[in-house]
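Single-structure report; data block below.
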Amino acid sequence: MKEMIVGIDLGTTNSELAVVREDVLQVVPVHGNVIMPSCVGLDLAGKILVGRSARNQMIASPEDTVLSVKRKMGETSKILMGGKEYSPEEISALILLELKKEGEKQLGQPIAKAVITVPAYFDDIRRKATQTAGRLAGLEVVRILNEPTAAAVAYGAGSRGQENLLVYDLGGGTFDVSVVQVEAGVVEVKSSHGDTRLGGDDFDQLLVDYAREEFRKMHHKELAPTPQNLRRLKDIMEKAKCRLSDEPYVRIREEFIDGRNHLELEIERYAYEQMILPLLEKTLECVHQSLSDARLNPGDLHKVMLVGGATRTPLVQNLLRDRLQTDPHFEIDPDLIVAMGAAIQGGVLGGEKQHSVLVDITPHTLSMVAVSDQYGYPRLVCVPILHRNTPLPAAKSEIFQTMVDNQKEVQVAAYQGEEPFPEDNRLIGDFMIENLSRAPAGNPITVHFALDLNGMLKVTAAEKNTGLSKSAVLDTHAAGVIDFEAARRNLKSLIREEEPEGTADRFSSKAESASEAPAERQELLIAAKDLRRRAEALLQKEVAAGDAEEIRKHLQESRQAIEERRWGRLQEINDTLSDLLFYLED
Ligand code: ADP
Ligand code: MG
């Protein structure tokens, strides 16, 4: 007999409910949303509010609203709400009860048992407190599960032998990183670090400070720091923050923010990233600490997994990619993954089959081509817009700039692949955006990529200042795949012209015998590519000006030879460049 055991992520900021029933994993919506704020309050009539409604009334009656009760779990201190005292367990029980009641409505059956997750660093007292909260809500807590373990389970850990995983969890008010080891199907937390006072809320606060400064500049006075104003501003800036995860800049216009004056500002992602960078550097220190505690090097990790809403911030992903030299996984919704893992665990305990989460993702990175001068000379590079493993559908944009004054047009080219340079990736399609306004160099152009479940990529480029835009829909699957029959017909007619008696058979034998030359050419190209990498690496270091000049000249010639398909010439350049590099590389 199967028994339903639900999974609950009882978070500091948000809570979620999920379940595996009849082999189907489902995140259960509560009040019409799969994410419920972990917020409890009393309305004017003294009625209990849980979730979004409690959060919404926070502005009006902060003294009747409780947030972040999870921080207090296991403490003996009391929480004041509506003039009455409650224990942290009681407040948590109200959250759990709401999830239970709403879940029962949605699922059409009673919920009696649950797996509830807690941070890996929770001690026994806090785990017991969580269990008590469950009991108070009328739930039998069949297991208290570590959040990083739940995340690992959602990614199907345990099905592939021994694995070292790193779970980076950045929520609203807390940061945790754990190294999780899986061996013979057993998931074990090896080390765990974090900061219980660092999360997305701090990012909101930085943006709030920035907005207040902008307000002051504009109106020559402070925005009155009433709880209402501050709360409203925080909500506005949190929304802006979430948009900055997908958009390169956000414009905000809020009328009568303080009842009288408007708030108007624009913030660029880059400026925002500079604000939060010091906080993220702290999280990276924790990452290295937990790696060294587990006696592992970044290279020993099989997977880095992102958990928590704030990991949607592109800078988080980029820093991890950079420092750990691996692509972090975020294909499972970071808000829901812990509840899903708990539900899978609950399912197994209740007699369901082991499950893992299936998601549609883009298997390749999609980039826009642009000119970069980070190599000491202008060079075409691929700037990723949608990284591989991004769940579908996906939409993101980035800002690019014109290179010269009064530049009239920009080429928009989309590439697929993981390499830094376009010639090593696959062109999906390109177009020109023309008739740009007369503007100095640096005229911002927003490029938007939207990829649907069928692999169709809609690319839109827009001149930020005028709104002039152009778009095209490109098929990512068709990239690089030629129309074989058309190509065959094409070649056939060519062969017939040369040899009128030519037949289809001849055509195929001819194609085969000719295949050796391309192989050699391939080798030549690979050698050229390898030399180019070495040369560019060298240029990034300190090289005498004359030598750098020489290298650049050869690189230029090498590219030209490839473009003009002069293979003999390419061989010569390869040889010279090879000698030169040999002599310069220490
Ligand atoms: P917790 O585990 O503490 O309950 P969550 O995992 O629910 O927290 O994360 C909540 C945080 O994630 C909030 O600060 C929220 O603003 C942030 N967040 C949610 N979506 C995004 C987004 N798209 N970009 C950046 N931050 C986000
Ligand atoms: Mg969480």
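No value in this document is a laboratory result; all are computed from the given coordinates. Only a predicted model underlies this, so the values are computations on that prediction, with no experimental measurement involved. Don't worry about glycine lacking a Cβ; one is built from the backbone with ideal geometry, like all the others, and counts go over all protein chains shown.
Could you line up Arg260, Arg323 from fewest to most neighbouring Cβ atoms inside 10 Å?
Arg260, Arg323
Compute the Cα gyration tensor for the stretch 366-473, then decide on rounded, prolate or oblate, letting a ≥ b ≥ c be the square roots of its eigenvalues: rounded whenever a/c is under 1.5, prolate when a/b is larger than b/c in the other cases, and oblate in all that remain.
Because a/c hits 1.5 or more and a/b fails to exceed b/c, the stretch 366-473 counts as oblate.
Read phi for every residue in the stretch 353-361 and hand back ³J(HN,Hα) as whole Hz from Karplus 6.51 cos²θ - 1.76 cosθ + 1.60, θ = phi - 60°, with x for Gly and Pro.
6, 4, 10, 9, 7, 9, 9, 7, 9
Taking H placed 1.01 Å from N in the peptide plane, check which residues at least 5 places from Arg21 or on another chain put their amide H under 5 Å from its amide H.
For Arg21, the qualifying residues are Gln26.
If you average the alpha carbon positions of the stretch 397-458 and of the stretch 117-184, how far apart do those two centres end up, in angstrom?
Centre-to-centre distance over Cα atoms comes out at 42 Å.
Peptides 526-533, 403-410: what's the order by average Cβ count within 10 Å, highest mean first?
526-533, 403-410
Just to check I understand the Karplus step: with θ = phi - 60° and J = 6.51 cos²θ - 1.76 cosθ + 1.60, what whole-Hz values come out for the stretch 447-456, glycine and proline as x?
10, 10, 10, 10, 10, 9, 5, 8, x, 8
Collect residues whose amide H, placed 1.01 Å from N in the peptide plane, falls under 5 Å from the amide H of Ile35; neighbours closer than 5 in sequence don't count.
Amide H to amide H, under 5 Å and 5 or more residues apart or across chains, Ile35 pairs with Val30.
Which angle from 0 to 90°, rounded to the nearest 10, does the C-alpha axis of helix 516-540 make with the longest principal axis of the chain?
Once rounded, one gets 60 degrees.
Can you work out the Karplus-derived ³J(HN,Hα) for every residue in the stretch 52-66? Use 6.51 cos²θ - 1.76 cosθ + 1.60 with θ = phi - 60°, whole Hz, and x for glycine or proline.
Taking θ as phi minus 60°, the curve returns 4, 5, 5, 5, 5, 7, 3, 4, 6, 9, x, 6, 9, 10, 10 Hz for the stretch 52-66.
Considering only Cα-Cα distances, which of the following residue pairs are longer than 20 Å: Lys408/Lys470; Lys408/Lys464; Lys47/Lys100?
The answer is none of them.
How many angstrom lie between the C-alpha centres of the stretch 1-68 and the stretch 78-110?
8 Å
Please work out the Cα center distance from the stretch 247-311 to the stretch 197-223, rounded to the nearest Å.
16 Å
Select from the stretch 414-456 those GluC sites (Glu not before Pro) which occupy a DSSP coil region and have at most 13 other Cβ atoms within 10 Å, ordered by residue number. Intermediate results must be reported in sequence, preceding the final value.
Values: sites: Glu418, Glu423, Glu434; in loops: Glu418, Glu434.
Hits after loop and neighbour filter: Glu434.
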